[in-house]
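Below: one structure, written as structure tokens.
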């Protein structure tokens, strides 16, 4: 048997057969013996979406596709800095302990549960409640994800008007060459981590199926930070014919996290693993059902219709207090204090219909996409329940809820975008989105006059945008402008006590994203991607102090504007050192600065002008630099991540307060080392060391959940994984 062995990192080969060659008299047909092709795939490979993806126009919009299923990374811990290493400017917030969720932001936005993004799984919206609470509590295991599609801010016309853009997690699918295939990924790691992911998929006739079961447990880096998570997923795709297909999916995710509590600076310096709470817990449980119907009338006319929902709960049981207030047994009662119980019930239903049409206008080819999205949500917020004095996870309460509120939202959005091919190298797309909706709050808050509770927010927002892409030799030039907005959220209008009052005439945050970028290849193997951006964010929400009848009140209202500008750059070099040895070096960097404009907030008993102050959690520099070595079936990956210092609150407090709630967040540098070895086509081993230098660091001082103060990130950890496929 002859062998043809081909080694490569990343390239595309196109074979062209001329008309003359297709003539049977001149085309010589040769039967080849069996041969073997061996390929080395690039670790953490970054690619781009095409100009048109399904029924979406991507032209000119900054985007990346992260292939994660071939990374050497330990997926069980969901380490965001490794997954998004080659996406310049990605800010990663460590909040719920490793392995539970990924919290990211870009361009100076808030990373809390990635809620500045339109979050999707396989194109299905998974934000818990876009108007009420847009956080993504649904958390699929990374072992199930094949790639991540990230489309930045100027995507707001089509995906939704979020400032951050869109993140789409694409799950693995069944092997269509087999009736049944199996995959098992099992990991053990430091701090008691043990996870198992088991999946089955295949194709039977016209039906392609895929499903998994996932379980994970961990003791946690800090004391009292145990967690248990599990998830299940089933996808059934039926191809009626070459034109029509229907996909039904159901995903579920849940975890129970013991919240170790915030720390003060002195506590953190003494022992970053210590805990201030032993009785606090957090547990979301989400179900994501969906039906996805696609029909291709022709190669130039496509339809896609998705009906989906987000159903479930977000539960917490905790002592909500500053880090310097201990949770101890009361000598008078010989018991702990009663905890506070909060339960959010999500009931979000969405339908999204999109069509895409290619057509000619004169000599110019055009692509038009039209989308209509409707959702009807009812978020039931049960809060301030008097919980037990116990120590376990217990949602039972004594008496009535302190808050029993409904936040009902309806919205219909229409988006139209048209792309014109001015020539083979130059495309321009312009579009319009109009979103019209209403949010109504009703219910009861103890100690407050029921007449003051109802609040209605109108959302009538037109959004305009334009994007262009031009190919000049080996360089791609892209430019874009798109308006964006963020609706008034549930938390923005809930008075916390008789000393708080919500503005009845709040405005939605509104602004725009603008960007200009170039990308290409300098020499063989050396590529670059450089982007400059500017984001205007008006009508930010916060608190003022007002005086009514001689009494100071906290007034929840619009506090002013802000803007963020910066540069994002990725440079990557791939080279072949020998027939079996390849090397990849990259540097992913961003410089940005966000400042408040014409803004003021409550600070104590008065208002403070914060115009010119920097936006919290916006480090000037984020730099991630990596080295990947490929030798036959072995991969070694080194990543160094630097994040600059940042302010923790709008008043830009530098010296930490005694309770740790405010103060500078110091800069930090983290090194990670990962290895993988593919024994054969069925077995792969992985191992790694995260936070190689065992640095004590934290990423943010949150202003709300999980509590103001310092939340230590994980120290040095080791992991080992076995992957098996049949």
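With label points built 7 Å along Cα→Cβ from the Cα atoms of residue 581 and residue 325, find their separation and express it in nm.
A separation of 6.1 nm, rounded to one decimal place.
Beyond 35 Å, what share of the Cα-Cα pairs of the chain is found? Please give it as a whole percent.
47 percent
Please list, by residue number, everything in region 100-120 whose backbone N is under 16 Å from a paramagnetic label point 7 Å out along Cα→Cβ of residue 593.
Output list for this probe position: 108.
Applying a 10 Å radius around every beta-carbon, put 147-153, 389-395 in order of their mean neighbour count, most first.
Descending packing order for the listed peptides: 147-153, 389-395.
For each of 475, 267, count neighbouring Cβ atoms within 10 Å of the residue's Cβ, then give the residues from fewest to most.
By the 10 Å Cβ count, ascending, the order reads 475, 267.
How much length would be gained if the chain were fully extended between residue 416 and residue 725, taking 0.36 nm per residue of separation minus their Cα-Cα distance, in nm to one decimal?
106.9 nm
Quick one: length gained pulling residue 456 to residue 497 fully straight, 0.36 nm per residue minus the C-alpha distance?
12.8 nm
Show that you can apply the helix-only estimate: for the chain, add -39,500 (n - 2.57) for every DSSP H stretch of four or more residues, divide by all residues, and state [θ] at 222 nm to the nearest 500.
Roughly -500 deg cm²/dmol at 222 nm, from the helical runs in the chain.
Kindly list the residues of region 337-374 that lie in the label zone of residue 301, defined by a backbone N under 17 Å from the point 7 Å along the Cα-to-C-beta vector.
354-361, 366-371
Assuming 0.36 nm per residue, please report the length gained on full extension of the stretch residue 522 to residue 606 beyond their Cα-Cα distance.
Computed gain between residue 522 and residue 606 is 24.7 nm.
Kindly give the semi-axes, whole Å and largest first, of the ellipsoid equivalent to region 518-643, taking each as the square root of 5 times a Cα gyration tensor eigenvalue.
Semi-axis lengths for region 518-643 are 49, 15, 9 Å.
Where does each of 308, 565 land when they are ranked from fewest to most other beta-carbon atoms within 10 angstrom?
Ranked by crowding around the Cβ, least crowded first: 565, 308.
Would you mind getting me the FRET efficiency between residue 573 and residue 642? Use the beta-carbon distance for r and R0 = 22 Å, nearest 0.05.
That gives a FRET efficiency of 0.65.
FRET efficiency for residue 653 and residue 378, Cβ-Cβ distance as r, R0 = 30 Å, nearest 0.05?
0.15
Laboratory data are not the source of any read-out in this text; all were calculated from the coordinates shown. Bear in mind that the values here come from a model prediction, so they are computed numbers and not experimental data. Every residue, glycine among them, receives a Cβ derived from its backbone with ideal geometry; neighbour counts consider all protein chains shown.
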